[in-house]
1. Can you say whether I93 is out of contact with any strand residue (DSSP E or B) (no Cβ under 7 Å at 6 or more places or on another chain), more than 19 Å from Y141 (Cβ to Cβ) and surrounded by 19 or more Cβ atoms within 10 Å (Cβ to Cβ), as far as the supplied structure shows?
2. Against the definition (part of a helix (DSSP H, G or I), without any contact (Cβ under 8 Å) to a residue 12 or more places away in the chain and over 17 Å from L134 (Cβ atoms)), how does E79 come out, yes or no?
3. Looking only at the stretch 78-94, count every residue that is farther than 22 Å from L107 by Cβ, at pLDDT 95 or above and touching a helix residue (DSSP H, G or I) at 6+ places or on another chain (Cβ under 8 Å) and tell me the total.
4. Among the residues in the stretch 32-40, are any part of a helix (DSSP H, G or I), free of Cβ contacts under 8 Å to residues at least 24 places away in the same chain, farther than 16 Å from N136 by Cβ and not charged (D, E, K, R)?
5. Go through the stretch 124-143 and report how many residues are closer than 14 Å to F74 by Cβ and among the hydroxyl-bearing types (S, T, Y).
6. Which residue, of I73, I52, is surrounded by fewer than 19 Cβ atoms within 10 Å (Cβ to Cβ) and not aromatic (F, W, Y)?
7. Name, by its number, the condition in (1) at pLDDT 95 or above; (2) under 16 Å from F138 (Cα atoms) that does not hold for P51.
8. Any idea how many residues of the stretch 109-124 are more than 11 Å from E65 (Cβ to Cβ) and buried (at least 18 other Cβ atoms within 10 Å of the Cβ)?
Amino acid sequence: MPVLPAIGWGLAGFFMIYLGQIIGVQIESSLGIKPGSENTEAIINVTKTAPIMILASVIFGPILEELVFRRVIFGSIMEAQNNFWVAAFVSSIFFAIIHLDFSHIILYTITGFIFAFLYNKTKRLITPIISHMLLNGFVTYMQLNLDNIQQFFNQ
């Protein structure tokens, strides 16, 4: 796929992930799992102390994770088996496990599946990288500004 449509899919992918996470939260809630990620909380706490961490979580993390989980794991399984569902499932489970937030493995797996879909759809790694950066950037912004956001809605 040409670069411009791949970038468009990356932008659209952010909204797909957002919808996927809404569904995932509903599933987790029905299973009695409380919202709030320990992984995200730990990263935000470090970011409050060392704002340079924003670069790691919003830029470098997504690039590295997409290289490992989509290009290497997903890509290797697709090459060997040519089965999207197996490749997406395996790479998504590894993606979820590496985040070390096992109570939210459903959310991370759903997110990994969407990243795998985006990579498979466009055949370009830039697509899930864009979506991943947007997701991490959105979450970081929201978490760092939670007090201001709550204050805005309570006025």
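1. Working: out of contact with any strand residue (DSSP E or B) (no Cβ under 7 Å at 6 or more places or on another chain): yes; more than 19 Å from Y141 (Cβ to Cβ): yes; surrounded by 19 or more Cβ atoms within 10 Å (Cβ to Cβ): no.
Judged against the criteria, I93 is not a match.
2. Details: part of a helix (DSSP H, G or I): yes; without any contact (Cβ under 8 Å) to a residue 12 or more places away in the chain: yes; over 17 Å from L134 (Cβ atoms): yes.
Yes.
3. We begin by selecting, within the stretch 78-94, every residue farther than 22 Å from L107 by Cβ; these are 78-83.
So of that shortlist, the ones also at pLDDT 95 or above come out as 78-80, 83.
Now drop any that are not touching a helix residue (DSSP H, G or I) at 6+ places or on another chain (Cβ under 8 Å), which leaves 78, 83.
Qualifying residue count for the region: 2.
4. So the first thing to find is which residues in the stretch 32-40 are part of a helix (DSSP H, G or I), and the list is 38-40.
Remaining after also requiring free of Cβ contacts under 8 Å to residues at least 24 places away in the same chain: none.
No, because not a single residue in the stretch 32-40 is part of a helix (DSSP H, G or I), free of Cβ contacts under 8 Å to residues at least 24 places away in the same chain, farther than 16 Å from N136 by Cβ and not charged (D, E, K, R).
5. Step one: list which residues in the stretch 124-143 are closer than 14 Å to F74 by Cβ, which gives 124-125, 127-129, 132.
Imposing the further condition that a residue be among the hydroxyl-bearing types (S, T, Y) reduces the set to 127.
Counting residues in the stretch 124-143 that are closer than 14 Å to F74 by Cβ and among the hydroxyl-bearing types (S, T, Y) gives 1.
6. Values: I73 fails: surrounded by fewer than 19 Cβ atoms within 10 Å (Cβ to Cβ).
Only one candidate passes the filter, namely I52.
7. With (1) at pLDDT 95 or above; (2) under 16 Å from F138 (Cα atoms) applied to P51, the lone miss is (1).
8. Within the stretch 109-124, the subset more than 11 Å from E65 (Cβ to Cβ) is 109-110, 113-114, 116-124.
Now drop any that are not buried (at least 18 other Cβ atoms within 10 Å of the Cβ), which leaves 109-110, 113-114, 116-119, 122, 124.
Looking only at that region, the number is 10.
The values are calculated or read from the model by the stated rules, or taken from the named source; none is laboratory data. For clarity, every value in this text was computed on a predicted model and none was experimentally measured. Glycine gets a Cβ as well: all are built from the backbone with ideal geometry, and neighbour counts include every protein chain shown.
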